[in-house]
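Notes follow once the structure below has been shown.
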Amino acid sequence: MPPSSSLKNSHEADWLAWFDGSAKPNPGNCKIACILHSPDGKVTQHTANIGHGDSSDAEYQALIAALTLLTQQVTQPETQTVLLRGDSLVVINDVLAVEAKASRLLSTYRQQALEQMQSLPRLKLKWVPRHKNIETDQLLRT
């Protein structure tokens, strides 16, 4: 899938990334997706079926997958900015909270995400409405 205009790299950050997860039904079979845009225009897409869970499991695991890819690909984390977007307000609010507020399982995911975020000191995590995460959402449907 070629990148759409909403995913092209801009002056917002050196690296742009999106994540999404779904459970069908909820709870049910989970799938995750993420898209990364490097400063040189390279696009990386990742999808995976991750087994059974609910939508929060899927969204958190999608965040972790995006962070894993970013930590592997961002070559200069001290100087390169990263903007990571997702449409799960529950997950983004939980990972950015001073202390965990979610279930024990989500707390485990939260800890994994926070550990990875430490290696990306110039990362900004931002919630976007679903209609601004459409390309990543479409990857879940393929």
Given unit charges at Cβ for Lys, Arg (+) and Asp, Glu (-), the dipole magnitude of region 94-142 about its Cα centre in debye, nearest 20, is 140 debye
Work out the charge dipole of the chain with +1 on the Cβ of Lys and Arg and -1 on the Cβ of Asp and Glu about the Cα centre, then indicate which of Ala48, Ser22, Val95 is farthest towards its positive end. Ser22
The chain: translational diffusion in µm²/s, Stokes-Einstein, Kirkwood Rh over Cα pairs, 10 °C, 1.306 mPa s: 106 µm²/s
Lys124: accessible area at probe 1.4 Å, nearest 10 Å²? 120 Å²
Probe 1.4 Å, heavy atoms of protein chains only: per residue, the accessible area of the chain in Å² is 53 Å²
So, with a 1.4 angstrom probe, what is the percent of accessible area on region 71-142 that is carbon and sulfur? 51 percent
Histogram of C-alpha separations across region 19-80, 5 Å bin width, %: 4, 21, 24, 19, 13, 9, 6, 3, 0
Quick one: dipole size for the chain, taken about the Cα centre, charges +1 on Lys/Arg Cβ and -1 on Asp/Glu Cβ, in debye to the nearest 20. 200 debye
Heads up, I need the accessible area for His52: 1.4 angstrom probe, whole protein in place, Å², nearest 10. 140 Å²
If you take every residue apart from Gly28 with its C-beta less than 15 Å away from the C-beta of Gly28, what net charge results, scoring Lys and Arg +1 and Asp and Glu -1? 0
Candidate lysines - alpha carbon under 18 Å from Lys42, same-chain residues fewer than 8 apart omitted: Lys8
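The values are calculated or read from the model by the stated rules, or taken from the named source; none is laboratory data. Fair warning: this is a prediction, and the values are worked out from it, not measured in the lab. As a convention, Cβ positions derive from the backbone with ideal geometry for all residues, glycine included, and neighbour counts pool all protein chains shown. Each accessible area value is taken on the protein alone, full model and side chains, heavy atoms only, with ligands, DNA and RNA left out. Shrake-Rupley method; radii C 1.70, N 1.55, O 1.52, S 1.80 Å.
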